[in-house]
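Scroll down for the structure; my scribbles are underneath it.
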Amino acid sequence: MGINWHDLLTAFALVLIIEGLLPFTIPDKIKSIYQRLVDAPDNSLRTMGLASIIAGLALLYMV
């Protein structure tokens, strides 16, 4: 079973598009959100990261 590079690059491109939507549309709000993230404790960031990983794995499993 080899890697399907087309699908992998498509997924990466979609991540870049989605990640760029908010900074493009509401840059002032994003700055304040990023500042709150910088000030957040490490455990909170880890919890958000773990929740994101679990949601991504669940979505990947359903697809």
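With r as the distance between the Cβ atoms of residue 55 and residue 9 and R0 = 35 Å, compute the FRET efficiency 1/(1 + (r/R0)^6) and round to 0.05. Display every interim value, and only then the final one.
Values: r = 22 Å, r/R0 = 0.64.
Efficiency, rounded to the nearest 0.05: 0.95.
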Over the chain, the sum of -39500 (n - 2.57) across DSSP H runs of at least four, divided by residue number and rounded to 500 deg cm²/dmol, gives at 222 nm -29500 deg cm²/dmol
For P(r) over Cα pairs in 10 Å bins from 0, in percent, with candidates [x] 17, 33, 36, 12, 1; [y] 22, 47, 23, 8, 0; [z] 23, 49, 19, 8, 1, the value calculated from the shown model is option [x]
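We did not get these values from a lab; they are worked out from the coordinates using the rules stated. Keep in mind that what you see is a predicted model, and the values were worked out from it rather than measured. A quick note on method: Cβ atoms are made from the backbone with ideal geometry, for glycine too, and the neighbour counts reach across all protein chains shown.
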